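Asker: My questions will all concern the structure given below.
Read the figures in this text as sums done on the coordinates, not as results from a lab. This is a predicted model, so every value here is computed, not measured. Heads up, the Cβs are rebuilt from the backbone with ideal geometry, glycines too, and the neighbour counts pull from every protein chain shown.
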Amino acid sequence: MLLPYATTSSWKPWKTRVFDFRAIKQEARSSFAFDPGQYVPFDPPDHVYPEHCDKTGGERFMAAFLGQREARQSELSKLLQYHGLGIPDGPAGWDKVGDFIQGHIEINLPASTAQDTAAQLVSSKGHELALRPMWHSILIDIAICIGSTLETHLKGRDPVWHLDRHDIDTVTSDNLPALLVPSATAAEPAPLSRLEAELTQRVLAKPELAGNMDEWEQVVIECAASFGESVPEDLPSATELYLAATLPQGLSISPVKEMQLFFYQALDRRYRSQKPEPVPFSLGDMFRPGLGWPWSNHPGI
């Protein structure tokens, strides 16, 4: 059962129009600038995102998402190889994939639309920026690969896949596969020392400290000096202190939701940015130290 038409918003991924993945096969590949080569697109069981399904739609989507991981990585590999790239093995490689997405991503317009007409349409605030259908499949494939890579990257934390389930009272981009990363803090943590308590307050006030080891070390040194204590041989983890204070049960990462954000921001910047050559924002940040990936804070977004 499909839920009704969602919204007329411009591009926010949590308010998307109903998209039918079967529309991908109806595209005339040669009519667009981006050529997927021999790439076979993803098509979920209900042909739509879980937000437009009944309450069991999320489970069916997750079964396909996890069950087809090897096949989808193979298709993604073919697509990337066709354009001179490979499946990344580190942050720098993911940056290249992110740059590829930002340089090739396409708005959904009829193939016969003249360039000047397209420019006029997308400059209008009332015109919705919708992805060309093929990019929805690429979005899922990137999310699958990102999720599998994160699962390996965070193996020591025993990540577990679960359904980011929410009651469907309104249209939402929840009910998606998510990776739950348990907190390293014990169920009944020991009381924080004065230094740990102060450091927790510092990282809560400035979360980006977790991604800057040099600055974090200076903060630890400063706080230790203020209490007349020696600097710990092993620096307390800014990330663990933050998660213990804000997410005591762990961190839930939804790769599809994150890729929706990345893809739609890339689409918005490519077609609506006032700068002639916007600086790419990093996809590899998902695998760099820190609490997350500050795409929404990147210059120019």
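Asker: Below 8 Å, C-alpha to C-alpha, sequence gap of six or more: please give me the relative contact order for segment 194-249 in percent. If you can, show how the numbers build up before the last one.
Answerer: Working: 37 pairs, mean separation 25.3, N = 56.
After rounding, I find 45 percent.
Asker: Now for a different question. Taking H as built 1.01 Å from N, whose amide H comes closer than 5 Å to the amide H of Leu251, not counting residues under 5 places away?
Answerer: Close amide H contacts, sequence-distant or interchain: Val181, Ser183.
Asker: Still on this model: Place the peptides 65-75, 45-55 in order of packing, highest mean first, counting for every residue the other Cβ atoms within 10 Å and averaging per peptide.
Answerer: Working: 65-75: 15.9, 45-55: 19.6.
So the peptides 65-75, 45-55, ranked by packing, come out 45-55, 65-75.
Asker: Please go through the residue pairs Lys25/Lys155; Lys78/Lys257; Lys96/Lys257; Lys55/Lys78; Lys55/Lys206 and name each one whose alpha carbons sit more than 32 Å apart in this structure. Before the final figure, lay out the partial values.
Answerer: Working: Lys25/Lys155 37 Å; Lys78/Lys257 24 Å; Lys96/Lys257 20 Å; Lys55/Lys78 34 Å; Lys55/Lys206 38 Å.
Among Lys25/Lys155; Lys78/Lys257; Lys96/Lys257; Lys55/Lys78; Lys55/Lys206, the Cα-Cα distance tops 32 Å for Lys25/Lys155; Lys55/Lys78; Lys55/Lys206.
Asker: Still on this model: Which of rounded, prolate or oblate describes segment 194-249 when judged by the alpha-carbon gyration tensor and an a/c cut-off of 1.5? Write down the numbers at each step before the final one.
Answerer: Working: a/c = 1.88, a/b = 1.49, b/c = 1.26.
It is prolate, given that a/c is not under 1.5 and a/b is the larger ratio.
Asker: Once the other residues with Cβ under 12 Å from the Cβ of Thr200 are scored (Lys, Arg +1; Asp, Glu -1), what is the net sum?
Answerer: On the way: positive: Arg194, Arg202, Lys206; negative: Glu196, Glu198, Glu240.
Result for the neighbourhood of Thr200: 0.
Asker: Where does the charge balance sit around Ala64 when Lys and Arg score +1, Asp and Glu -1, over other residues with C-beta under 14 Å from its C-beta?
Answerer: Details: positive: Arg60, Arg69, Arg72; negative: Asp43, Asp46, Glu59, Glu70, Glu75, Asp141.
Here the charged neighbours net out to -3.
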